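Here's the structure, in structure tokens; my notes come after.
The values are calculated or read from the model by the stated rules, or taken from the named source; none is laboratory data. Being a predicted model, the structure only gives us computed values, none of them experimental. All Cβ positions, glycine included, derive from the backbone under ideal geometry; neighbour counts span all protein chains shown.
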Amino acid sequence: MRHWIWPAVLGLAVASLSVSAPAGADSDRSGLPEAIDTILGDPRMEGGAASVVVADAETGKTLYQHLSSGRLMPASNTKMLTSAAALELLGPDHRFRTDVLAAGDRHGPVLKGDLYLRGTGDPTTLAKDYDKLAADIAAKGIKRVSGRLVADDTRFDDRRQGDTWGADDESSYYAAQISALSVAPDTDYDTGTVIVEVAPGAAAGDKPRVTVTPKTDYVDIDLRAKTVAAGGGDTIAVERQHGKNTITVTGDVPVGGSTTKEWITVWEPTRYAAAIFRDALAAHGVKVSGPTRAGIATPKGARELAAHDSMELRDLLIPFMKLSNNMHAESLTKAMGHKATGRPGNWSDGIAAISGYLKTAGVDPGKLRQVDGSGLSRKNNVAADQFIKLLRSAKGEPWFADWYRSLPVACDPDKFDGGTLRTRMCGTPAALNVHAKTGSLTGASALSGYVTDAGGRELVFSIVLNNYLPSSVKALEDAIVVTLAKSDEDRAVLVRPRTERGSGQSGDVECSWRKPARC
């Protein structure tokens, strides 16, 4: 099969082709290049940009390419670079440790001096894990700490947010601040956030009922909302004020209406973790006499009193990749930076470590730009051909099975199997066949991964689409991949993209970045 490159005169724009078959219909074409060209010619991509490559996973033979080296915003496809590097550099069995230490002497039930809570970047620590640490301290017979509670987050630097992350995303849970110490409120492990639930009052005019998970006084609720008569509009909005831990609740909720549930970031997650731990100590009868301090390193020689280890990295990859968790990506990036240099983990060292790995994988870091681990930054630029190199190289690594298992699976309904692909490509040969990473930002969409074609041949593909105006072009990605799944080496079957907007197809951010997830 010939390689296909559109004429350079098309530049960054994707031409719109005239097709007569009805939307969604299958039709035979003379070859795979023509079929994919037809899909990319959809009017939704008029004036947009596409970098697309399809190759044989085993031989590397290119079956299709369009602007293969054109660097575009990959959105969350960036996580493929980060996750593969983490498996190589940290290892599949890597665990983050959170421990409690003391440097002072013990006098009966009194611990003289400060108590240190030290983190190494675990993005999966739950309130119950801090409670278990507190219980372990109490079990040793300690009832009072004469000094301070010191939150040691010095494994990472104090830069909390990534390069060019949007200010309007500050309270959105997918842009939480990064720290070596934090708290996740749920088993999706949305670290650095609290869950705020707003339920209607009993009667019109009543204040709505607000609950916060985990229960904490670290955030304050500024309740400006009101309950209105049954049948009224629900206009509840929940947002944290900039630079503060005051969460403002505004709008109306009707009597008998549904509960609004929002995941909201905290300001300074280190102190959030310390607050949760201090409360847990108090609940177990351990009083800390001094104040909380943050950003102070644990002294050498301090003895460990209790410790919590995270799940292994191979298991952490499941919530990370399936749900496209940005905070997991950034914690791993900083952890790689620390391991490579011994310095406090930071984005610069972490990206350098990732780049070093990419060279060994045949990916040229000089031909891409990566500035964060998650793809939330709009400065990231990667071409489809570089993702193809990674997808093929990873197959030869001892950790490949763990990485492959972490990729979302088309139309698998389980959240931790299908992930961000769980409602896509259902009823097609791509269902339960495609393992791929999604990516979405406003005007940027991507899908890269593995698919087996109708002849049993495994293919690798990367589709990166930018600068389109509709809310979503996911239907075009799906059409390309289903076309691959329906076709074989001798015959290409064109699958035309849906014209209707399907469930979970909003393209401004990853569907799992919306709570509850709308994938």
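For this structure, a couple of remarks:
- Residues of the range 98-125 satisfying the condition of being surrounded by fewer than 19 Cβ atoms within 10 Å (Cβ to Cβ) and part of a strand (DSSP E or B): 106, 107, 110
- Complete set of residues in the range 208-231 that are crowded, with 16+ Cβ neighbours inside 10 Å and part of a loop (DSSP other than H, G, I, E, B): 208, 214, 216, 218, 219, 225
Yes/no matrix, rows are residues, columns are (1) in a strand (DSSP E or B); (2) in contact with a Cys (Cβ under 9 Å, 6 or more places away or on another chain); (3) of a type in the set (A, V, I, L, M):
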| residue | (1), (2), (3) |
| --- | --- |
| 449 | yes, no, no |
| 464 | yes, no, yes |
| 471 | no, no, no |
| 482 | no, no, yes |
| 488 | no, no, no |
| 493 | yes, no, yes |
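- Flag if residue 184 is modelled with pLDDT of 95 or more, within 30 Å of residue 86 (Cα to Cα) and not acidic (Asp, Glu): yes
- Test: residue in the range 334-346 that is out of contact with any strand residue (DSSP E or B) (no Cβ under 8 Å at 6 or more places or on another chain), crowded, with 19+ Cβ neighbours inside 10 Å, in the same structural domain as residue 85 (by TED's automatic domain parsing) and touching a residue at least 60 places away in the same chain (Cβ under 8 Å): no
- Failed criterion for residue 422 (all others in (1) closer than 28 Å to residue 90 by Cα; (2) buried (at least 20 other Cβ atoms within 10 Å of the Cβ); (3) not small (Gly, Ala, Ser) hold): (1)
- Count - residues of the range 381-422 that are touching a Pro at 6+ places or on another chain (Cβ under 6 Å) and not in a helix (DSSP H, G or I): 3
- The range 143-181, subset at pLDDT below 95 and of a type in the set (D, E, K, R), residue farthest from residue 339 (Cα to Cα): 168
- Taking the numbered list (1) under 29 Å from the mean Cα position of the chain (by Cα); (2) outside any loop (DSSP other than H, G, I, E, B); (3) surrounded by fewer than 24 Cβ atoms within 10 Å (Cβ to Cβ) in turn, residue 273 passes all entries but (3).
- Residues being modelled with pLDDT of 95 or more, part of a loop (DSSP other than H, G, I, E, B) and small (Gly, Ala, Ser) - total across the range 234-270: 4
- Unique match (being in the same structural domain as residue 349 (by TED's automatic domain parsing), within 30 Å of residue 360 (Cα to Cα) and not in a loop (DSSP other than H, G, I, E, B)) among 59, 78, 38: 78
- Selection count where residues are in a strand (DSSP E or B) and under 18 Å from residue 120 (Cα atoms), scope the range 314-372: 1
- Evaluated against (1) within 27 Å of residue 290 (Cβ to Cβ); (2) out of contact with any helix residue (DSSP H, G or I) (no Cβ under 7 Å at 6 or more places or on another chain); (3) surrounded by 15 or more Cβ atoms within 10 Å (Cβ to Cβ), residue 257 falls short on exactly one condition, (1).
- The set of residues in the range 387-437 being over 17 Å from residue 79 (Cβ atoms), under 19 Å from the mean Cα position of the chain (by Cα) and hydroxyl-bearing (Ser, Thr, Tyr) consists of 423 alone.
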